[in-house]
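A short reminder: the numbers here are calculations on the coordinates, not readings from a lab. Keep in mind that what you see is a predicted model, and the values were worked out from it rather than measured. Note that each Cβ is placed from the backbone with ideal geometry, even for glycine, and that neighbours are counted across all protein chains shown.
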Amino acid sequence: MIKLVAFYSRADENYFDGAYRYIEVGNTEKAAKIIAASTGAKLFKIEQVQPYAADYQTCIDQAKRDLQTKARPALSRTLPSLDDYDEIYLGYPNYWGDMPMAVYTFLEAFDWNGKTIHPFCTHEGSGLSDTERKIQQTCKGASVSKGLAIQGSKVDSAASLVESWV
Ligand SMILES: Cc1cc2nc3c(=O)[nH]c(=O)nc-3n(C[C@H](O)[C@H](O)[C@H](O)COP(=O)(O)O)c2cc1C
């Protein structure tokens, strides 16, 4: 059965090794593409109707407010169901020690019974935080495997790490 790589990722301005830089492809998206290339999985990007700001500081504030208010940002598209997939790689950046709230919007739309979720996260120091447990709580009936944490600013040299985890 074909696998799915569902991921959230933001391009635009981000922080790399002490400097702010605009990038065209987000760190988690790069990791997602490595996983898709080595598994033949289908890619699905979780996108908000109203994306966070391109400007890093504004984005930080918006994401913090959404976390504090337990927001569920509307998604610009979703999947009709997960019936075609047993195994789902779920990718997200660490946002304030949690997942972006739009990932919860995505997860809460499905019946997870019998599915296997492989979490992968990009971050700048916090690793996965407590996200494996949060995924397990949100996705009742799913089996959540041990996640992979990738330092976002080092994703370009993480292919072998990602492939061996896969
Ligand atoms: C809103 C926001 C909050 C973040 N919070 C954290 C954090 O709490 N811990 C951490 O290690 N990195 C944090 N980061 C850094 C991102 O997790 C990291 O840059 C990630 O690779 C971004 O992935 P992306 O390019 O796929 O969006 C944060 C970044 C943003 C934009």
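Yes or no, residue by residue, for (1) exposed (fewer than 13 other Cβ atoms within 10 Å of the Cβ); (2) within 13 Å of the ligand (Cβ to nearest atom):
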{"site": "G125", "(1), (2)": "yes, yes"}
{"site": "L128", "(1), (2)": "no, yes"}
{"site": "E132", "(1), (2)": "no, no"}
{"site": "Q137", "(1), (2)": "yes, no"}
{"site": "K140", "(1), (2)": "yes, no"}
{"site": "S145", "(1), (2)": "no, no"}
{"site": "K154", "(1), (2)": "no, yes"}
{"site": "A159", "(1), (2)": "no, no"}
{"site": "W165", "(1), (2)": "no, no"}
In the stretch 1-15, the residues that are loosely packed, with under 15 Cβ neighbours inside 10 Å and either within 8 Å of the ligand (Cβ to nearest atom) or within 13 Å of the chain's Cα centre (by Cα) (or both): A11, Y15
Total residues in the stretch 55-75, condition in a loop (DSSP other than H, G, I, E, B) and away from the ligand (no atom under 11 Å from the Cβ): 6
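Before we move on, is R72 without any contact (Cβ under 8 Å) to a residue 24 or more places away in the chain, of a type outside the set (A, V, I, L, M, F, W, C) and either buried (at least 21 other Cβ atoms within 10 Å of the Cβ) or more than 17 Å from M1 (Cα to Cα) (or both)?
Considered against the rule, which asks whether it is without any contact (Cβ under 8 Å) to a residue 24 or more places away in the chain, of a type outside the set (A, V, I, L, M, F, W, C) and either buried (at least 21 other Cβ atoms within 10 Å of the Cβ) or more than 17 Å from M1 (Cα to Cα) (or both), R72 comes out as no.
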Identity of the residue in the stretch 76-93, of a type in the set (D, E) and closer than 10 Å to I117 by Cα, that ends up nearest to the ligand (Cβ to nearest atom): E87
Residues (within 16 Å of the ligand (Cβ to nearest atom), among the small types (G, A, S) and more than 10 Å from the chain's Cα centre (by Cα)) located in the stretch 96-120: G97
Criterion violated by G40 - all others in (1) surrounded by 16 or more Cβ atoms within 10 Å (Cβ to Cβ); (2) closer than 20 Å to L82 by Cα; (3) not aliphatic (A, V, I, L, M) satisfied: (1)
